[in-house]
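Accompanying notes for the structure given below.
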Amino acid sequence: MSSSASMVIIAMLVLNLFTFVVFAYDKGCPGRGARRISERTLFLLMSLGGSPGGWLAMLSLHHKNRKTSFRSVALLIVVVQDRRVGWCRARMVADWFASVAGAERAPACTGYPRHGQRKRNPFGSW
């Protein structure tokens, strides 16, 4: 495994551990009389990649698990992340097959034409 891949894995583990700790802290705030963490912050941590840690905290600590609106948004975050990871994985496989076959591919979703082609104006000529 390359050092950059291991750095990404370590960063994701740290982010998920931090997200779990923030959820646990928020769970204990009412008992201590401390100020709660906003749901917006919890969603932000989950959307940045801490959704496994957030869900682990929700399920193991029984935190925010009765609140349907919170669970719905948290599930939506996971679905969006899953689709994004699936798209990237499919794109990597397609790029690998193209490199094996020796084909040249256009960059993903850039709107730029392949090498040597002019970009067509969808609104006609200017």
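Within region 1-54, can you find the residues that are hydrophobic (A, V, I, L, M, F, W, C), surrounded by 15 or more Cβ atoms within 10 Å (Cβ to Cβ) and in contact with a Gly (Cβ under 7 Å, 6 or more places away or on another chain)? The answer is MET12, LEU15, PHE20, PHE23, LEU42, LEU45, MET46.
Here the condition is being surrounded by 12 or more Cβ atoms within 10 Å (Cβ to Cβ), farther than 21 Å from SER51 by Cβ and either modelled with pLDDT of 75 or more or among the hydrophobic types (A, V, I, L, M, F, W, C) (or both); of ALA101, ALA106, it holds for ALA106 alone. When region 22-47 is filtered for residues that are in a loop (DSSP other than H, G, I, E, B) and touching a helix residue (DSSP H, G or I) at 6+ places or on another chain (Cβ under 6 Å), the ones remaining, listed by number, are ARG36, ILE37.
The values are calculated or read from the model by the stated rules, or taken from the named source; none is laboratory data. Remember, predicted model here, so these are calculated numbers, not experimental data. No Cβ is skipped: glycine too gets one built from the backbone with ideal geometry, and neighbour counts run over all protein chains shown.
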